[in-house]
Structures are given as C-alpha cells and as structure tokens.
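The values are calculated or read from the model by the stated rules, or taken from the named source; none is laboratory data. Worth saying up front: this structure is predicted, and the values here are computed from it rather than measured. Counting neighbours? That spans all protein chains shown, and the Cβs are built from the backbone with ideal geometry, glycine included. Heavy atoms of the whole protein, side chains included, go into the accessibility calculation; ligands, DNA and RNA do not. Shrake-Rupley method; radii C 1.70, N 1.55, O 1.52, S 1.80 Å.
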Amino acid sequence: MNVNKDLQNERNKCSFNVRELTEFIDGGKNRTLERKHIEKLILAQKDELFGGTPEDYLSHKEKYERAIQTNVIILKIVQDFMRDANGGDLTNYRDVLTTLLNFVVSREGTPFALHFMMFLPVFLSQADEEQQMEWLPRAWNCNIIGSYAQTELGHGTFIRGLETTATYDAATKEFVLHSPTVTSYKWWPGALGHTANYCVVVAQLHTKGQCHGIHSFIVQVRDEETHMPLAGIRVGEIGAKMGLNMINNGFIGFNHVRIPRRHLLMKHAQVLEDGTYVKSRNSKLNYGAMVFVRVVIVFDSVNYLSKAVTIATRFAAVRRQSQLKANEPECQIIDFLTQQHKLFIGIATCHALKMTATKLWDTFNEVQQQLRGGNLERLPELHALACCLKAVSTADTAALAEGGRRACGGHGYMRSSGLPQTCAVLDAACTFEGDNTVLLLQTARFLVKVWRGLDTLKLTPTVAYLRTTLTEGFNDKWDNTVEGIIKGFQTVSMRKISECVSCMAKRMMSGMSQEEAWNMTSVQLVAAAESHCRVIIISYFHEEFVKVSSSFSPALRRVMKLLVELYTLYWALDKLQDLLKYTSISKTDTEQLQERYEDTLNALRPDAVGLVDAFDIMDEILQSTLGAYDGRVYERLMEEALKSPLNAEPVNRSFHQYLKPLMQGKL
C-alpha cells in the first residue's frame, strides 16, 4: 500500500501498541478476531456491496433498493457468523444489532435497525411467555421484519396524548384499531415504509367504555407472500429527510382494523375475554425496551463519532497549510493547537462514552435481574440515567462531529468526505427515541424527588453523592486533580438541584401551581440534569480507567490517562462559570487548568493518529476520501469527483438548450 509519507511518519512515532488499544475497545482479543473475520467475509463480497454507481448519484428509490440488497447480504453474514459462534442461537440480539450497525454499508443507515433496536426488545419486555414463544423465533431469524409505531403526526414525546385507539369488542374477542384524524397517523417508524410486514403499535386501549391509557399491540401490516398492505391499512414512506434516508421511515393509519385479543402484549397488563381489564402491578415495568434502545443509541453515537474523528485526524496529519515559523515549509495542520483542541476531545469522548455506556448496560442487566425477583427499587434511577446519558451523549457527539467537519475546511463539506452524512445522523439522534430536552427534564424530575427525600430515602448509587456532598460540604481548598474536579462537578450538580427545588417552592408560595412553577424553572432543571450527567460520565470514565489500567502496558496506560485528564480538563474549562459560581475555585486555579489542558493536548499530539487507527474502521465502512488509511486525500478527491454523472461528457445538453441562447442574446 502506498501510504502518504506524513501519515506514515505519524504512525512511526506512535508511543503505544495500536493493536492493544483496538482489542480493549472491542472488548478483548477474541472480539477483535471475530470482527476481523466478519470483515473478511464482507470483503469477499466487495463488488456486490461496494461496487456500482456511488450512492450520492442514485435516485431516492435506487438508494433504497440498493440498501435492501446490501443490508440483506450483511445481515446474512452476521447471522451465519452468530449461529456458528453460538451453536445456532441467535437470541443475543444486542450483539447482532451492534455488529450490524458497525457494518452498515450505506451512509444513510439500515432499514433493519428498528427490528433489532425496538421490535425485539419490546417483545421481550412486554409480551408474555406464550406470545414470545409464538412470535420471537420468526423474528430472531428475520422470517418477519418488525417496526415500532409510537410517534404520531400530532404527538411525539407526550405519549399520553396519542390519538390512535384500540377498542375491545367482546363479541368477537378482537381489538379494533382506528386512526380518527390525520394527526393520529403514526409517523417516523423505521422500516415501516416498505420493509416491515409487522409492527408493534402503541394505542389508547378502550374496553367496557373506559380508556386505560396507552398499550402495545402486534399488528400485521403487509401480506407475508405478496407484501401488499392489508385491508384497512394505509402505509407508506414519509419522504426524503436531512439524513438516514435508508432507515425507510414510514407512516401508517388504520381504518377500523381488527386484530385478535391476544395481539395485545400481555406480560404486564391484560384484557380478559369478557373485556375485563387487569392492571399492571407497575406501569414503569415497560421502561425496559426504552432503556435498551437508549443504551444502543449511546454506543451508536460513539461509533459515528469515532468515524468522524478518524477522518478529521488523519486529514489533519496529511493537510499542510500555513507556517508556524517564517521561512519554514508549510506545516501539518494537526500541529496547530486550535486543531488539537477541536479534534482530541472527540477522541477522548469516544472512550468516555463507550465506558459509560458499557457501565449503563451492566446496570441495565442488574436491574432487569432485580425486576425478575420483584425488586423495583432501582428502576426509576435506571430510567433517569438512560434519559440523561442519551441526551448528553448525542448532543456532545453531534457537536464534536460537526467540529471535526469544520476542522477539515471546505473539503469537509464534500459528501465524499463522509462527514456531512455522519453529522446528519448524529443530529437526528438528538431527536429520535426521545427529544433531548424532554429526556433531561425526566431526569430532573427524578433528581427533584431524590432531593426532596434526601433525609429519608435510601439513595441508589448514581445519586449517593448528593447526600455525601451536602453532608461533608466542599473542601475550601480547590483541588485541580481529576478527583478534585469530579468533586467540584458533584458540588455544582448538588447546588443546582437544590436551587431548582427552592425556586419552585418560592414560586408556588407566590401562588403558582406546581405545573406552572415547574415550567418556569425548566431551563434551570435542564441545566441541573446535564450537570448530574457530567458527574456520571466523568466519574465513570475515571473509575473504569483506574479499574482496567493495570492490564495496560505502561505506554498505553500513559496515553489513556492523558485522555481521562483531557476529557476532565476540557469540561472543567467549558463549565467554568458553574465552577466559579458554586465552588471555591480561584483565578489561579483556572489559569493552571488552562495551562494543564494545553500541555495535555501537546502530550497527546504524537499519538493522535495511533489513537484513531485503534478504532480500526476499514476503508470500505469509513467511505471517506479524507480519512482513508493510506492518506491519499487529493488523489481520492479527484477520483470521486470524476465519478459525477456531469463529468461523463464534456458539454452538458443544457448548454445548447439554455446557456448558448442566453450568451448569444437569442433568448
């Protein structure tokens, strides 16, 4: 391989073993070997998967058809591998999903994502044992493809306001699904456009003249043989979007569509044959699927950010522009501290969020195990944690990917760079599966409840610091270490939550209702929830590094420690206003933080390319002219430009039809 000499020099001076870090990121040596094996299988079908007209020059319809073709190939490879690795078992849908997402060929997403991300998890968390036995085997094997329809044209986050109805008819033992208005049409479900033939539909359950709120139903949407929509169902695709067009988002409406009684998912609540409603012992038991999907979103956001920082960092090592000193050659733009400031925090964020998401996943499994034993104690904490981590991680990765795109100058605006599509995906993640502001307010509601019961409640692990910080107070002497900064963030979070509660109390004393007081305090509540989440992420990143650092070689341990310090220092400086307001940090302390931050950037500079190489994203998946492993940026830009259909002929017909008459004054 002919590699750009500047990029090769960067690799030559890397201080640590890149493969060692890759294996840590993957979750172990065996995981890396598995991934490499799947890559080999994918590359064996390279022509089918990556050949033909570039995606950017296909029509919307052609893009979808190619997405189905390539995703079926990838899915088959992943499923066959998982069957071989697990003795025929495909029930580890998280592994199938994350592997599938890692190998998405289209930069516009995969129409199979929601099948694994929502359809299967909802069945596992809401269907009873008999329903799972009936439906799950076919779903595991993709004999049926499912979607999840909750959001409507007129309602998104306020799900209690959903208009779709499911009315029980005891005479026929059926539910009648109906969309009474245009705003009640389901809007946005992935794969629903033309891919899925089944769907979990969320609707208002009515029986014996009473509404019992929203419940989930399994609904067949299309004929299994012909794929034609069933009678009474109006379904289609919602049209082109800013990005993720191959998710195949759809709409669906129901005109008095009848489904069997047993198509209500009945693990928690039931409707008996005579129409009697049996209430769930706890409505929060339905949180499981949403927690799962939000954990996946954090992992997927890291996946996309790792692509963005790989592209931008490699480009920064190849691109030469301006001079650091007079009479010297143009330098690599990665040598500018401003460039390091834009890029290195993205690398650190990938590791911080990956470790935090892994910890959240472990917490999710622990709580699920407790739920099976009837212990619901940590369920509200898990929900609040998943909400804020989804919100903060998607907002951060979207901002950092956009920063990486801008750091590449005009070339980063080229679709062939892969950065615009990556930014579009991360922007979308700030909205789907829970608007970030609404999610932070849900976390805030949990924090307010905890604060009000601080003297009596048994505190769960992620909020235990609130009592400790309040009881012990904050050391008058600010500590600039990572541990000291974490304590500072704990103080900020504690005091913001306290202020929110006090502010709402004052407003209610002045005559406001609780709802009005909440709304008037909502900006502060969002900020308090974000501060709490910053405590969680920085703490987990530091704690998890300490746990695993002994397994690293000295060289890798040094670099990873620098990333932990960089991440902590970056956010301390970014949130300096909060620290100055709520802690004892001094002007001298802030100056030292700034100096340490700049020194840390400088210390990481020689290892920057090695750090992104460790993400080990093959060129066929990265699909970037700027970020390919060989660094042939300018050659690849020209090669991609020549693929434009406009370059197929020297003179376009529009010249003779329109331009020439204009130029010759003959219009």
Inset, instruction - Can you grab the distance from the C-alpha centre of region 445-507 to the C-alpha centre of region 12-60, Å, no decimals? - result: 43 Å
Legend entry - Considering only the chain, percent of DSSP beta bridges that pair antiparallel, nearest 5: 80 percent
Inset, instruction - Rank 414, 337, 373 by how far each Cα sits towards the positive end of the charge dipole of region 336-414 (+1 on Lys, Arg Cβ; -1 on Asp, Glu Cβ) and give me just the farthest. - result: 414
Legend entry - Karplus (6.51, -1.76, 1.60) ³J(HN,Hα), θ = phi - 60°, over region 333-338, in Hz, Gly and Pro reported as x: 5, 5, 6, 6, 4, 4
Inset, instruction - Mind scanning 29/575; 29/354; 390/458 and naming the pairs with a C-alpha gap bigger than 28 Å? - result: 29/575
Inset, instruction - Grab the other residues whose beta carbon is less than 9 angstrom from that of residue 422, score K and R as +1, D and E as -1, and report the net. - result: +3
Legend entry - Dipole moment magnitude, nearest 20 debye, the chain about Cα centre, only Lys, Arg, Asp, Glu C-beta charged: 740 debye
Inset, instruction - Count the net charge of all other residues whose Cβ sits under 15 Å from the Cβ of residue 263, scoring Lys and Arg as +1 and Asp and Glu as -1. - result: 0
Legend entry - Rel. contact order, % - alpha carbon contacts under 8 angstrom, at least six apart, region 91-195: 26 percent
Legend entry - Among 203, 116, 240 - extreme Cα towards positive end, dipole of region 105-259, charges at beta-carbon: 240
Legend entry - Neighbourhood net charge (14 Å Cβ-Cβ; Lys/Arg +1, Asp/Glu -1) for residue 158: -3
Inset, instruction - Could you pull out the trypsin sites (Lys or Arg not before Pro) across region 582-667 that fall in loop regions by DSSP (anything but H, G, I, E, B) with no more than 15 other Cβ atoms inside 10 Å? - result: 643, 666
Legend entry - For region 316-328, Karplus couplings with θ = phi - 60° (6.51, -1.76, 1.60), whole Hz, Gly/Pro x: 5, 7, 8, 6, 10, 7, 6, 10, 7, 10, 4, 6, 10
Inset, instruction - Can you work out the accessible area per residue across the chain, with the rest of the protein chains kept in place, probe 1.4 Å, in square angstrom? - result: 44 Å²
Inset, instruction - Would you kindly derive the ³J(HN,Hα) couplings of region 616-626 from the backbone phi angles with the Karplus curve 6.51 cos²θ - 1.76 cosθ + 1.60 (θ = phi - 60°), listing them in order in whole Hz, with x for Gly and Pro? - result: 6, 8, 5, 3, 5, 8, 5, 6, 9, 5, 8
Inset, instruction - Considering Cα pairs under 8 angstrom that are at least six residues apart, work out the relative contact order of region 561-667 and quote it in whole percent. - result: 16 percent
Inset, instruction - If a/c stays under 1.5 just call it rounded; otherwise compare a/b with b/c (prolate if a/b is bigger, oblate if not). Do that for region 501-625, with a ≥ b ≥ c from the square roots of the Cα gyration tensor eigenvalues. - result: prolate
Inset, instruction - Quickly work out the residue 639-to-residue 455 label distance, labels modelled 7 Å from Cα along the C-beta direction, and quote it in nm with one decimal. - result: 7.1 nm
Inset, instruction - For each cysteine in the chain, check whether another cysteine's C-beta sits under 4.7 Å from its C-beta; list those where none does. - result: 14, 142, 199, 211, 331, 350, 387, 408, 423, 430, 500, 503
Inset, instruction - Among the lysines, select those whose C-alpha is under 26 Å from the C-alpha of residue 581, and discard any that sit fewer than 8 residues away in the same chain. - result: 449, 477, 487, 496, 506
Inset, instruction - Can you spot the aspartates and glutamates whose alpha carbon is less than 15 Å from residue 267's alpha carbon? Ignore those fewer than 8 places along the same chain. - result: 128, 129, 130, 134
Inset, instruction - Can you grab the distance from the C-alpha centre of region 545-587 to the C-alpha centre of region 198-238, Å, no decimals? - result: 49 Å
Legend entry - Within the chain, helix-based [θ] at 222 nm, where runs of 4 or more DSSP H residues each add -39,500 (n - 2.57), nearest 500: -17500 deg cm²/dmol
Legend entry - Counting DSSP beta bridges with both ends in region 147-213, the antiparallel % (nearest 5): 55 percent
